[in-house]
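Enquirer: Before anything else, here's the structure in question.
The values are calculated or read from the model by the stated rules, or taken from the named source; none is laboratory data. These numbers were taken from a predicted model, which means no experiment stands behind them. Reconstructed Cβ throughout: ideal geometry from the backbone, glycine too, with neighbour counts over all protein chains shown.
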Amino acid sequence: MINELTRKNNKLLKNKILKELSLLYIEDEENIRINMIKTLKLLVNDIIDLPDTKGALEVLKNKKINLIICDINLPKQNGIDFVKEVRKFDQKIPVILLSASTDKDYLLEATRLKLVDYLVKPIDFNILQSALHKVADEIIEDGKYLLKFENEIFYNFIEKNLYRINEENKIALTLKEIELLEYLIIHDQRVISQEEIKEHIWEDDACATDSALKNLLNKLRKKIGKNSIKNISGFGYKIQYNN
């Protein structure tokens, strides 16, 4: 059942991760850049765009950037040479290169740069989303996607483990508690009504009572901290992290 829950939430988790990324996007053609930004904003909130690589290294040094999307055919310095510079000081930052060309020389050079993907223009939305989901996969694999609550309580979204301070101090969670916790995490940008939670947690309406929900919330609060699930009177509930 845990595996079923993982598959069910996997896409939602990836989309949530993407929303939290800081993206550097470099494209010299203004119309393409404007349209691409509109598309990217459906998936990523924080986007810095530049018409060329001038100033891009400064951005990378002064701001936490999680992903680079860069056109290859840029004025002054092409995208491949720019990524080569980036790789001198950062071997891990995910990079997606864009090009109107399928030139084999470009492709050969690009394969040496540890890219997430190489996309040929015009960019199809589904292909772009798939490439961005690869980035989310890398973040999940590298960082294990930990969320911190009060009192040094951590939840590992991938391993479905809750623990205090370190992985040796695990706190047991029931399946229903995991379902509730992950639903609150995935939808952490909004208040979730009691009815919506009950519909998600219980398939049988007869089990989805106010007292059952209250009992489940109280049990989860005892494990992640009473202030970690905020009750918005008359509206519902919202998860609170301890950053």
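Enquirer: Restricting the search to the range 199-235, which residues are farther than 26 Å from residue 145 by Cα and not hydrophobic (A, V, I, L, M, F, W, C)?
Expert: Passing the criteria: 199, 203, 204, 205, 209, 210, 211, 214, 215, 233, 234.
Enquirer: Filter the range 152-192 down to the residues that are assigned to a helix (DSSP H, G or I) and in contact with a His (Cβ under 9 Å, 6 or more places away or on another chain), then identify the one that is modelled with the highest pLDDT.
Expert: My answer is 180.
Enquirer: Next question, about the same structure. One residue is enough: does the range 54-65 have a residue meeting the conditions at pLDDT 90 or above, among the acidic types (Asp, Glu) and either in a strand (DSSP E or B) or under 21 Å from the mean Cα position of the chain (by Cα) (or both)?
Expert: no
Enquirer: Just one of the numbered conditions (1) over 26 Å from the mean Cα position of the chain (by Cα); (2) surrounded by fewer than 16 Cβ atoms within 10 Å (Cβ to Cβ) is not true of residue 78; which one?
Expert: All conditions pass for residue 78, except number (2).
Enquirer: Condition (residue is closer than 25 Å to residue 31 by Cβ and either touching a strand residue (DSSP E or B) at 6+ places or on another chain (Cβ under 9 Å) or outside the structural domain of residue 12 (by TED's automatic domain parsing) (or both)) applied to the range 81-94: is it met by at least one residue?
Expert: Scanning the range 81-94, I find at least one residue that is closer than 25 Å to residue 31 by Cβ and either touching a strand residue (DSSP E or B) at 6+ places or on another chain (Cβ under 9 Å) or outside the structural domain of residue 12 (by TED's automatic domain parsing) (or both), so the answer is yes.
Enquirer: What pairs come up if the first residue lies in the range 19-31 and is more than 13 Å from residue 78 (Cα to Cα), the second is part of a strand (DSSP E or B) and not charged (D, E, K, R), and their beta carbons are under 6 Å apart, counting only those six or more places apart or on different chains?
Expert: Short answer, once both residue conditions are applied: 21/67; 23/47; 23/67; 24/48; 24/68; 25/47; 25/69.
Enquirer: So residue 44 fits all but one of (1) without any contact (Cβ under 8 Å) to a residue 60 or more places away in the chain; (2) touching a strand residue (DSSP E or B) at 6+ places or on another chain (Cβ under 9 Å); (3) not in a helix (DSSP H, G or I); what number is the exception?
Expert: (1)
Enquirer: Now for a separate question. Only one of (1) under 20 Å from the mean Cα position of the chain (by Cα); (2) closer than 20 Å to residue 47 by Cα; (3) modelled with pLDDT of 85 or more fails for residue 71. Which number is that?
Expert: Unmet for residue 71, out of (1) under 20 Å from the mean Cα position of the chain (by Cα); (2) closer than 20 Å to residue 47 by Cα; (3) modelled with pLDDT of 85 or more: (1).
Enquirer: When you scan the range 189-223, how many residues do you find that are touching a strand residue (DSSP E or B) at 6+ places or on another chain (Cβ under 8 Å) and crowded, with 17+ Cβ neighbours inside 10 Å?
Expert: Of the residues in that region, 5 qualify.
Enquirer: Still on this structure, I have one more. What number of residues within the range 21-34 satisfy the criterion of being under 19 Å from residue 130 (Cβ atoms) and part of a helix (DSSP H, G or I)?
Expert: The qualifying residues number 0.
Enquirer: Here's another thing I want to ask about it. Test residue 141 against the criterion of being under 30 Å from residue 44 (Cα atoms), of a type outside the set (Lys, Arg) and free of Cβ contacts under 8 Å to residues at least 12 places away in the same chain, and give yes or no.
Expert: yes
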